[in-house]
Amino acid sequence: MPYPESIRALIEKVEKTRPARVERKKRDQEFPALKLEERDPVLRNFHPDFIEGTRREIKIGPSKGYSISNEMVDLLEAKSRVNPDLVNLDKPDYETDVLVIGAGGAGTAAAILAAENGARVLIATKLRHGDANTMMAEGGIQAADKVGKDSPYFHYLDILGGGHFANDPELVYTMVSNAPDALRWLEGLGASFSKFEDGTMKTMHGGGTSRKRMHYAADITGAEIMRTIRDEARNHTDMIDVVEFCPAVEIVLDDAGRCAGAILYNLETGEYSFARASAVIIATGGSGRLHIQDFMTTNHYGATADGIVMAYRAGVPISFLHTVQYHPTGVVFPEQAEGILITEKFRGAGANVLNVHGEQFVYEREPRDVEAACIIRECSPKGRGNGVPTPTGKFGVWLDSPMIDMLKGEGTVLKEFPGKHILFRRFGIDISKEPMLIHPTLHYQNGGLDINSTCETNVPGLYAAGEVAGGIHGENRLMGNSLLDVIVFGRIAGAAAAAYSEATGEIGRPTLEHVRKYNEELKTAGVGADRIAPMLLPDYSNPEVREKQLSKDYFGTLS
Amino acid sequence: MSENAANRSVDDLVPIFFMGKRYMVPSSLTIQKALEYAGYQHVRGCGCRGGICGACGTVYRDPDSYRLQVGLACQTVVESGMHLMILPYYPGNRAEFDIDEMQGTGGEVAALYPEIFKCIGCNACTQACPMDIDVMHYMAQAIRGDIKGVAETSFDCIMCGLCASRCPAEEVQFNVAILSRRLNARHLTPRAKHLEKQVERVAAGEFEESLRELMGKSTDDLKQLYRDREAEPQMTEDDWKPQDARYV
Ligand SMILES: Cc1cc2nc3c(=O)[nH]c(=O)nc-3n(C[C@H](O)[C@H](O)[C@H](O)COP(=O)(O)OP(=O)(O)OC[C@H]3O[C@@H](n4cnc5c(N)ncnc54)[C@H](O)[C@@H]3O)c2cc1C
Ligand code: SF4
Ligand code: SF4
C-alpha cells in the first residue's frame with residue numbers, strides 16, 4: 001500500500017519544514033524536553049495507565065487487593081486448565097535437574113549457564129525455540145562500558161529516572177554492575193555487534209540515557225542475540241534438551257512447599273505431562289497479546305502472561321504490573337504492518353516526530369511513557385487534535401526518517417535500518433525518502449513476579465528471569481535495558497538454579513494441592529468460574545467461524 | 001481487537017487455496033491474517049508476526065504461472081487464486097562445535113559442513129529466500145573460505161529454512177551462515193578493549209562505593225542528581241568526555 005494521494009499532500013508539509021529542522025539538529029538545537037514536574041500532568045491526562053475504569057483489584061491470591069489492568073486480572077481470576085484429580089504425578093514423563101519454562105533470551109541464557117554449572121536442563125517452550133520477544137528486539141542493549149565517559153553509576157541514575165524512582169535498588173545495582181560482563185559474554189559467543197575498525201563497540205543514545213550506551217547489531221539486535229545464544233544452546237545437546245510446542249500450564253510443588261516441576265501441555269497431541277525437576281526457572285516473557293485496552297501490540301504471538309498466572313497460583317506475589325509500557329512508535333499505516341515496532345534508534349539517529357502540520361511537538365528522547373503520552377495528546381481529539389488521519393480511519397504522527405540520510409549521509413537509513421527498509425519497501429514505501437506514520441503500541445510488561453537479586457521467588461526452587469519478573473525497571477523501562485535484563489538475570493537464574501538443584505537433593509512428594517486450593521478460593525470469592533488460564537495462544541480466528549465450531553468442547557473420537 | 005481478522009469490511013473477497021483447500025478471504029490481508037479470517041488458530045507457522053523469527057516461510061504459486069514464489073505469511077498480502085503452503089519446519093543437519101577452540105578459518109567450516117562443496121551453483125536457494133539474501137553467493141564464499149564474506153552476506157538470515165527446502169545438494173545454508181557469523185564476530189573481528197577494561201574495573205570494585213552511595217539516597221536527592229546529570233550531546237563523536245569525571 002503506497003501512500004495514497006490524500007497522505008502525499010500531508011507529506012509535503014513535512015518536506016517543507018524539513019531543511020530548517022535538519023539545520024537545527026546539526027547544531028544540536030533540540031526541541032525542549034519536558035521538565036520533571038511537567039511530565040506528570042501529561043502522563044495523568046493522556047497515558048493509558050491512568051484511564052479510569054481500566055483496572056480493578058485482584059480478589060484472591062498472594063497480591064490480593066492489588067489493582068491492575070482488567071485483562072490481567074481476568075487471567076489471574078481464572079481456573080486451572082487441568083483438573084488436579086486427573087493428573088498422575090506418580091510417574092514423571094520427564095526428569096531433569098533444572099526445568100526452564102520459555103525459550104526466549106532469558107530462558108536460553110539460563111539454560112546455558114545451568115548446563116555449564118553441571119545441571120541437566122530441560123527447556124519447555126510454547127512455540128519454537130527463539131519464537132519470542134527477544135527475537136524481535138531491534139534497537140539495542142545498554143551497558144555502561146565506555147571507559148572515561150560512562151559508568152554503572154550513570155546507568156543506575158538513568159534507570160531510576162526512567163522508572164519514576166520506584167525501582168528495586170538491589171535489582172538495578174545487580175543489573176548495571178553485571179552489564180559489561182553480559183556484553184562480553186555475548187561478544188565471546190560470537191554475536192555480531194556493530195563495531196568500529198579497532199573493535200570498539202558503536203553506541204548511541206536511547207530515550208532517557210545520559211550517555212551513549214546503546215550497543216546494537218544493525219537494527220536486529222535481539223535477533224542477533226537470540227539466534228546466537230540459541231545456536232550455543234544447540235552445542236550442548238548432551239546437557240540441554242528442548243521440547244517445543246509444549247507450554248507449561250501449572251507449577252508442581254512438593255509436600256514441603258518446594259518447587260517440584262511443572263505440568264506441560266502438548267499443543268499438538270493435547271496430552272498433559274509431568275516434568276519433574278528440583279528447580280524451575282520461569283522465563284515466559286511478557287503479555288502484549290492480552291491487547292490491554294484494545295491496543296495493538298509489538299509482541300510475539302505467545303506473549304500471553306502464562307508465567308505470571310502459574311507462579312501466582314503457586315504463591316508468588318506480583319508488583320509493578322499497574323504500569324504497562326506503550327512504545328511511542330508503532331506502525332499505524334499500512335494496516336498489514338499495524339502494531340509493528342519502529343525502533344527508538346530512528347529518533348536516536350535524528351528523526352523528528354511531527355504532527356499533521358509538519359511541526360515538532362515533543363522532544364524525541366523523552367522516556368517512553370512521556371513520549372507516548374505526548375503523541376496520544378497530539379492525536380487525541382480530547383488533546384490537541386493534530387494527528388495525521390490514516391486511510392483506515394485512525395490517527396498517527398510522522399516519524400521523519402528521511403532526515404537521517406540528510407544528517408548522516410545518503411544510504412544511512414538503508415545501512416542502519418535494513419529490516420525496516422525491506423518491510424516498508426514491500427508495501428511500496430521508501431522510508432529513506434518518505435516519513436513513517438506511527439502511533440503508540442502495547443509493548444512491554446514493566447512489572448511481574450517478585451524476585452530478589454539471585455532471581456529467587458518466595459517459593460524455594462522456583463526462579464524467574466526476564467520480562468516475566470518485576471522491579472528492575474520500576475514503573476517504566478528504558479530502551480535497551482530489557483535485553484540487558486534477560487541476559488544478566490537469565491545467567492544469574494541459570495547458575496543459581498543449578499546450584500540449588502545440586503544442594504537440595506531429593507524432592508518430596510509432588511502435588512497440585514495449591515491448584516485445588518486456588519480453585520476453591522475462586523469459588524469462595526465468586527469470580528472466574530467461566531474463565532480458564534493460562535491463555536497460551538490468543539485467538540484471532542473469525543468469530544463467525546468459531547460459532548460454527550460446534551464440537552470444540554465435545555468428547556468423543558473427534559474434538 | 002485490532003488484530004482480529006473479522007473486524008473489517010468483506011466487500012472484496014478473493015479465493016485462496018491453502019494446501020489445496022479453497023477459502024474466500026479479504027484481499028487486503030496478509031496470508032497469516034487471511035487464514036485466521038478463514039477460521040484457523042495458528043499453532044505452528046506463526047511466531048513473531050513481524051517478519052523476523054522465520055516461523056512462517058511460505059511457498060506459493062499464482063494461478064497462471066508454473067513458477068513457485070516465496071514469502072513470509074505474516075508479510076505477504078494474499079493474491080487471488082494463489083495456492084500456498086506454510087513450511088513451519090525443515091529437517092536440517094547441524095554440526096556441534098566449541099567456539100572457544102576454533103580460529104575462524106574456512107577449513108573449520110568446511111570440516112563441519114563438508115557438503116558445501118557439493119553445491120552445484122543452481123541459484124535455487126537465492127530465489128527461495130524471503131529476505132532477498134544472495135544465498136548462493138554466501139555458499140560460494142563459504143567454499144572459498146571467505147568467512148567474513150559469508151557473515152556479511154547472510155546477516156539478515158532469519159533461519160526460515162526455505163533455501164534448504166529447495167536445494168538439490170541438500171545443503172543447510174542457514175547453519176553454515178550462523179557458524180560463519182559467529183566465527184567472524186568472535187575470531188576475525190577485534191574484541192572491544194573498553195569492554196574488557198570495564199569488566200575488570202567492576203570486578204575490582206571500582207564502582208562499588210559510588211553505587212552503594214546512590215542506593216542509600218532519598219528519592220528527592222536522587223531526583224536532584226538525575227536532573228543535574230550531564231548529558232552527552234547527540235551529535236558528538238565517541239571520544240566525548242564529561243566535565244565531571246568523578247563517577248566514571
Ligand atoms: C518488537 C520488540 C522490540 C524490542 N526492542 C527492544 C530493544 O531494542 N531493546 C531492549 O532491551 N528490549 C527490547 N524489547 C524488549 C525485549 O525484547 C523483551 O522484553 C525481552 O527480550 C524479553 O525476553 P524474555 O526472555 O523475558 O521473554 P521472550 O523473549 O518473550 O521469551 C519468552 C518465551 O517463553 C515462551 N512461553 C510463553 N509462555 C510459555 C509457557 N506457558 N510455557 C512455555 N513457554 C512459554 C514464549 O513463547 C517465548 O519463547 C523489544 C520487544 C519487542 C516485542
Ligand atoms: S538464507 Fe535461507 S534460512 Fe536464511 S532467510 Fe534466506 S531462505 Fe531463510
Ligand atoms: S540451492 Fe543448493 S546447490 Fe543450488 S546454489 Fe543454493 S546451495 Fe548451491
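The values are calculated or read from the model by the stated rules, or taken from the named source; none is laboratory data. Because the structure is a prediction, the values reported are computed rather than measured. Cβ atoms come from the backbone with ideal geometry, glycine included; neighbour counts cover every protein chain shown. Note: areas computed on protein heavy atoms with side chains; ligands, DNA, RNA excluded. Shrake-Rupley method; radii C 1.70, N 1.55, O 1.52, S 1.80 Å.
Dipole of the stretch A:1-111, Cα-centred, from +1 at each Lys and Arg C-beta and -1 at each Asp and Glu C-beta, to the nearest 20 debye?
Details: 19 positive and 20 negative charges, 169 e Å.
Approximately 820 debye in magnitude.
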For the stretch A:359-376 versus the stretch A:1-64, the gap between their alpha-carbon centres in whole angstrom
4 Å
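With n ≥ 4 as the cut-off for DSSP H runs, can you work out [θ] at 222 nm for chain B, using -39500 (n - 2.57) per run divided by the number of residues, rounded to the nearest 500? Provide the component values of the computation, followed by the final result.
Numbers: 10 runs with 81 residues, N = 248.
Result for chain B, helices only: -9000 deg cm²/dmol.
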Return the average number of partner chain Cβ atoms within 10 angstrom of each residue Cβ along peptide B:88-101.
2
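Only helical DSSP H runs with n ≥ 4 go in: add -39500 (n - 2.57) per run for chain A, normalise by residue count and round the 222 nm mean residue ellipticity to 500 deg cm²/dmol.
Values: 17 runs with 188 residues, N = 559.
After summing the helix terms and dividing by residue count, I get -10000 deg cm²/dmol.
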Under the Karplus relation with 6.51, -1.76 and 1.60 and θ = phi - 60°, whole-Hz ³J(HN,Hα) for the stretch A:335-344, x at Gly and Pro, equal 4, 4, 9, 3, x, 5, 6, 10, 4, 4
What helices does chain A hold that run 27 Å or longer along their axis, going by alpha-carbon atoms, with a Kyte-Doolittle average of -1.0 or more, using DSSP H for the helix calls?
A:169-189, A:481-504
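In square angstrom, what is the accessible area per residue of the protein assembly as shown with a 1.4 angstrom probe? Kindly include the intermediate steps, with their values, before the conclusion.
Numbers: 29610 Å² over 807 residues.
Accessible area per residue: 37 Å².
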Just to make sure I understand: if all protein chains stay in place, what is the order of A:Arg368, A:Arg384 by accessible area at 1.4 Å, largest first?
A:Arg384, A:Arg368
Calculated FRET value between B:Cys122 and B:Gln224, using beta carbons and R₀ = 60 Å, to 0.05
0.35
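Tell me the relative contact order for the stretch B:3-87 as a rounded percent, counting alpha carbon contacts under 8 Å between residues six or more apart. Mind showing how you got there, number by number?
Working: 157 pairs, mean separation 29.0, N = 85.
Normalised by residue count, the contact order of the stretch B:3-87 is 34 percent.
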Across 10 Å bins from the origin, how do the percents of Cα pairs in the stretch B:99-188 run, short distances first?
20, 56, 23, 2
Debye calculation, C-alpha points only, no solvent: report log10 I(q)/I(0) for the stretch A:56-97 at q = 0.20, 0.26, 0.29, 0.31 Å⁻¹, in the same order as the q values.
-0.70, -0.85, -0.98, -1.07
A:Glu197 to B:Asp64: FRET efficiency via 1/(1 + (r/R0)^6), r the Cβ-Cβ distance, R0 45 Å, to the nearest 0.05?
0.30
Give the accessible area for A:Tyr500 in Å² (nearest 10); use a 1.4 Å probe, count only protein heavy atoms, and leave out ligands, DNA and RNA.
50 Å²
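What is the Å³ per residue value for the convex hull set by the Cα atoms of the stretch A:7-128?
Considering the Cα atoms of the stretch A:7-128, their hull volume per residue is 319 Å³.
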To the nearest 10 Å², what's B:Leu13's accessible area with a 1.4 Å probe?
70 Å²
One checks the Cα atoms of the stretch B:53-205 and finds Rg and Dmax, in Å, of 18.6, 70
Degrees between helix B:173-183 axis and first principal axis of chain B (Cα, 0 to 90, nearest 10):
10 degrees
Probe 1.4 Å, all protein chains in place: accessible area of A:Glu170 in Å², nearest 10?
80 Å²
Please work through chain B and write down the cysteines that have no neighbouring cysteine Cβ at a distance under 4.7 Å.
B:Cys46, B:Cys56, B:Cys74, B:Cys119, B:Cys122, B:Cys129, B:Cys157, B:Cys160, B:Cys167
Charge-dipole axis of the protein assembly as shown as Lys and Arg at +1 and Asp and Glu at -1 on Cβ define it, positive-most pick from B:Tyr66, B:Asn184, A:Ala119:
B:Tyr66
Relative contact order, percent, of chain A when contacts are C-alpha pairs under 8 Å separated by at least 6 residues?
25 percent
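Return the FRET efficiency for the residue pair B:Ala169, B:Lys193: r is the Cβ-Cβ distance, R0 is 35 Å, and the value is rounded to the nearest 0.05. It would help to have the intermediate numbers written out before the result.
On the way: r = 42 Å, r/R0 = 1.20.
Here the calculated transfer efficiency is 0.25.
As a test of reading the structure, rank B:Asp62, A:Asp198 by solvent-accessible area (1.4 Å probe, protein chains only), most first.
On the way: B:Asp62 35, A:Asp198 90 Å².
Result of the area sort, largest leading: A:Asp198, B:Asp62.
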Please compute, for peptide A:335-343, the average count of beta-carbon atoms on other protein chains lying within 10 Å of each residue's beta-carbon.
4
Cα-Cα pairs of the stretch B:193-247 separated by more than 19 Å (percent):
48 percent
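Cα gyration tensor of the stretch A:47-203, axes a ≥ b ≥ c as square roots of the eigenvalues: rounded (a/c below 1.5), prolate (a/b > b/c) or oblate?
Working: a/c = 2.37, a/b = 1.28, b/c = 1.85.
Because a/c hits 1.5 or more and a/b fails to exceed b/c, the stretch A:47-203 counts as oblate.
Return the average number of partner chain Cβ atoms within 10 angstrom of each residue Cβ along peptide A:370-378.
Working: counts 0, 0, 0, 0, 0, 0, 0, 0, 0.
Per-residue shielding by partner chains comes out at 0.
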Average projection area in nm² (convex hull over Cα atoms of the protein assembly as shown, one quarter of hull surface)
33.1 nm²
HN-Hα J couplings of the stretch B:83-99 from phi, Karplus 6.51/-1.76/1.60, θ = phi - 60°, integer Hz, Gly and Pro as x?
9, 9, 9, 9, 10, x, 7, 9, x, x, 6, 9, 8, 8, 8, 10, 5
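Over the Cα atoms of the stretch B:3-87, compute the convex hull volume and normalise it per residue, giving Å³.
On the way: hull volume 7.1 nm³, N = 85.
Normalising the Cα hull of the stretch B:3-87 by residue number yields 83 Å³.
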